[in-house]
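Here the structure is laid out as structure tokens; the discussion comes afterwards.
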Amino acid sequence: MLKKVVFCCLILLCIGCSVKKKEKENSLNIATYIDQEDKVEINKIDNVPFKTGDKQIINYKLGIPALWLRINISKLKKEQDHVLLIGNALTDSIIVYSKKDWELKTTHLGVMIPKSKLDYKHYKNVFILNEKHSDTLYVKIKSRTALEIPVALISKEQLYRKTNKALFFSGFLYGIVCILIFYNIYLFIHQRNFAYVLYSFSAFFNLCIQALLLGHFQYYILPESPNSIHYVFYVCISLSTFFITLLCAAVLELKKKNKLLLKFTNFIAFLSLSCIPLLFFLDFSIVAIFIMIVITFFNFGILFICIHQFLKKNKIAGMLGVSWVVYLTGTAINFLRTFDIVSSNWFTVNITFTTFFAEFLMMAVIMHYLHFFRAKEKEQKQLEYTEKLDLEVQQKTKELSLALHQKNDLLSEIHHRVKNNLQIVYSLLNLQERRTKSNALKDVFEAGKNRIMAMSLVHEHLYKNNSFKKIDSKNYITELISYLSNLYGEKIDIQKKITSVSIPNDVAIPLGLIITEIVSNSFKHAFFYSEEGNHIVVVFYKKNNDLHLEISDNGKGYDLEGQKPESKQTLGIQIIKGMSQQLLGKLFINTVNGTSYHLIFPHKK
């Protein structure tokens, strides 16, 4: 599809360049003379050897001091109120000599004439004809920048129509370029990519160049500053070259991809920027030639860079290269038209402005594509980074899982060994208890075994549940009470109402010791003899942020205040109170009509 479009464009280009402009009835008879020394005066003009020709666009060769034209106009055209258009917007000086009522009259036109001194206010060089003018006009032209001098004879009505049409068309294109500039500034604000600023500056200065070439800039913006126009023109050319060079380097990412080409573009940018101070210190014509050389070097340099990067599979370089070829094609056709190699017609005359607009439109497409390309590239990098991060997370998770598993195995083994060690101690105490004959010592050994069993059960629950910090209160307390009930073998009803609460091991051990002491005391001392109706009630629950342990029996009770320090119950009470303090709890004891304990302590999560 792309090849077909390119082929069709080439066909249209060839047709547009080959079509010859039809000779109209208002064609002029123009003769030219090159004044190499700028010494010819109007009073001796009849002795000058003019060279006749049929061209309507005269080539003003570079370095010519002055060019004379002899234009023959029929009487009929003067009577029909026609005007003569001479030169272009950058022609320095145009002096029209005519005899009016047998007197020699001079009319000054050109960019060096302020707007206020023009006879006919128009951005083109317009000379108004009437029947009083002689049939032959002599025109002296000087130009430092314009290399072609078009001459046309049209009616005022045609001038009015063409002016309106040209202003509408150029204003429309100016507006589009301004929109592109503001759009790229908007992209810069949101993306902080300096390439959009470079595009905006290059588009602005190229817009100024086109406005100068068409005459709009000097007529509407600097109407009374003719001496500055040529300086403004070449400054705009230098700055445009500077910003476009930097733009190409930024768009093609030469800083990352090719340091040598980056140095080359920086060299071109430096050359273009160095032309500006030279304008004010060297001869203007020499600097103008130097600027043209720099621009030629710049054009082919950028084209070479685009081709080089396109061969490196850079899509943006291909798009940039196409836009540059469009611009260079327009420049080349305009250059060939100047030397009559290509015929002059509407297409070739307006090719420069058309290709300028096409180039910056394509550049805008590139910048827009760059916006989405960068977003897609960023998204791709983000996706790659996320995938890489996911892999790292998975790897770390796997390593942590393995480490956690090893840690759990180690802790399980530790708790298991602690439990076994406590069982060994329990067995030793049990062995000593059997060998002793003293009932008092047997009670001591039995109390010690119960306390060891309370701690051993905690470690057993920890490694069995694979939770090395917390155990379930219901399972632990139930198993502990069952052990004590089986140990004493009394026919005492034990009523349990235990809520399942997750408690840390540093809470479970003192809690187990408290339960062991209280329940053991109830079994051993609360009842005179075994009978039905004897019962022990164990309640454990959570209320608000506190844990509550309530143990009561309906035994005989005892006088807590009347106990002697050396009594056998003192150690048990001390353990209960000491463990309660360790739990930061409050202990309430009631020994009337049985014994009841109520322990309240905060729930550690």
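In the range 108-146, which residues are over 59 Å from the mean Cα position of the chain (by Cα) and of a type in the set (Ser, Thr, Tyr)?
Result: Ser134, Thr136, Tyr138.
Inspect the range 243-255 for any residue being modelled with pLDDT under 90, more than 19 Å from Met363 (Cα to Cα) and part of a helix (DSSP H, G or I) and give the result as yes or no.
Yes, the conditions are met somewhere in the range 243-255.
Here is a yes/no grid of residues against (1) under 23 Å from Lys470 (Cβ atoms); (2) modelled with pLDDT under 90; (3) surrounded by fewer than 17 Cβ atoms within 10 Å (Cβ to Cβ):
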| position | (1), (2), (3) |
| --- | --- |
| Ile503 | yes, yes, no |
| Val507 | yes, yes, no |
| Tyr529 | no, yes, yes |
| Gly555 | no, yes, no |
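If you take the residues of the range 113-127 that are modelled with pLDDT under 85 and not in a loop (DSSP other than H, G, I, E, B), which of them is surrounded by the most Cβ atoms within 10 Å (Cβ to Cβ)?
Looking at residues that are modelled with pLDDT under 85 and not in a loop (DSSP other than H, G, I, E, B), I get Lys115.
Identify, please: which residue in the range 461-494 is within 57 Å of the chain's Cα centre (by Cα) and of a type in the set (A, V, I, L, M) and is, among those, modelled with the highest pLDDT?
Going through the qualifying residues, I end up with Ile471.
Considering the range 181-196 alone, what residues qualify as being assigned to a helix (DSSP H, G or I) and surrounded by fewer than 19 Cβ atoms within 10 Å (Cβ to Cβ)? Spell out how you get there, then give the answer.
Keep residues of the range 181-196 that are assigned to a helix (DSSP H, G or I), which gives 181-191, 194-196.
Scanning the range 181-196 gives Phe182, Tyr183, Ile185, Tyr186, Phe188, Ile189, His190, Gln191, Phe194.
Name the one entry in Ile305, Ile295 that is in a helix (DSSP H, G or I), over 32 Å from the mean Cα position of the chain (by Cα) and at pLDDT 80 or above.
Step by step, each of Ile305, Ile295 is checked, and only Ile295 is in a helix (DSSP H, G or I), over 32 Å from the mean Cα position of the chain (by Cα) and at pLDDT 80 or above.
Scan the range 251-258 and tell me whether some residue there is farther than 24 Å from Ile58 by Cα, surrounded by fewer than 17 Cβ atoms within 10 Å (Cβ to Cβ), touching a helix residue (DSSP H, G or I) at 6+ places or on another chain (Cβ under 7 Å) and in the same structural domain as Phe194 (by TED's automatic domain parsing). Outline the logic, then answer.
To start, the set of residues in the range 251-258 that are farther than 24 Å from Ile58 by Cα comprises 251-258.
Subset that is surrounded by fewer than 17 Cβ atoms within 10 Å (Cβ to Cβ): 253, 255-257.
Restricting the remaining residues to those that are touching a helix residue (DSSP H, G or I) at 6+ places or on another chain (Cβ under 7 Å) gives 255.
Those still in the list that are in the same structural domain as Phe194 (by TED's automatic domain parsing) too: 255.
Yes, the range 251-258 has at least one match.
Got a number for residues in the range 580-604 being touching a residue at least 40 places away in the same chain (Cβ under 8 Å) and either in a loop (DSSP other than H, G, I, E, B) or aromatic (Phe, Trp, Tyr) (or both)?
As a first pass, look at the range 580-604 and keep what is touching a residue at least 40 places away in the same chain (Cβ under 8 Å): 580, 582-583, 594-604.
Remaining after also requiring either in a loop (DSSP other than H, G, I, E, B) or aromatic (Phe, Trp, Tyr) (or both): 583, 594, 597, 601, 603-604.
Within the range 580-604, residues that are touching a residue at least 40 places away in the same chain (Cβ under 8 Å) and either in a loop (DSSP other than H, G, I, E, B) or aromatic (Phe, Trp, Tyr) (or both) number 6.
Could you give me the residue pairs with C-beta distances under 8 Å whose first residue belongs to the range 368-390 and is surrounded by 11 or more Cβ atoms within 10 Å (Cβ to Cβ), whose second residue is β-branched (Val, Ile, Thr) wherever it lies, and which are 6+ apart or on separate chains?
Tyr369/Ile316; Leu370/Val251; Leu370/Ile316; Phe373/Ile316
If I go through the range 128-151 residue by residue, how many of them are over 18 Å from Asp92 (Cα atoms), assigned to a strand (DSSP E or B) and out of contact with any helix residue (DSSP H, G or I) (no Cβ under 7 Å at 6 or more places or on another chain)?
First, pick out the residues of the range 128-151 that are over 18 Å from Asp92 (Cα atoms): 128-137.
With the extra rule that they be assigned to a strand (DSSP E or B), the set shrinks to 128, 133, 136-137.
Imposing the further condition that a residue be out of contact with any helix residue (DSSP H, G or I) (no Cβ under 7 Å at 6 or more places or on another chain) reduces the set to 128, 136-137.
Residues in the range 128-151 being over 18 Å from Asp92 (Cα atoms), assigned to a strand (DSSP E or B) and out of contact with any helix residue (DSSP H, G or I) (no Cβ under 7 Å at 6 or more places or on another chain): 3 in total.
If you go through the range 423-448, how many residues are modelled with pLDDT of 75 or more and surrounded by 19 or more Cβ atoms within 10 Å (Cβ to Cβ)?
0
Give Phe372, Phe353 a once-over and let me know the one that is in a helix (DSSP H, G or I), of a type outside the set (Val, Ile, Thr) and modelled with pLDDT under 70. Before you say what the answer is, go through the steps one by one.
Working: Phe372 fails: modelled with pLDDT under 70.
Answer to the check: Phe353.
Does at least one position in the range 282-289 carry a residue that is at pLDDT 75 or above, surrounded by 15 or more Cβ atoms within 10 Å (Cβ to Cβ) and not in a helix (DSSP H, G or I)?
Within the range 282-289 (the criterion being at pLDDT 75 or above, surrounded by 15 or more Cβ atoms within 10 Å (Cβ to Cβ) and not in a helix (DSSP H, G or I)), the answer is no, since none of the residues qualifies.
The values are calculated or read from the model by the stated rules, or taken from the named source; none is laboratory data. Please read these numbers as outputs of a predicted model, since none were measured by experiment. Please note: Cβ atoms are built from the backbone with ideal geometry, for glycine as well, and neighbour counts cover all protein chains shown.
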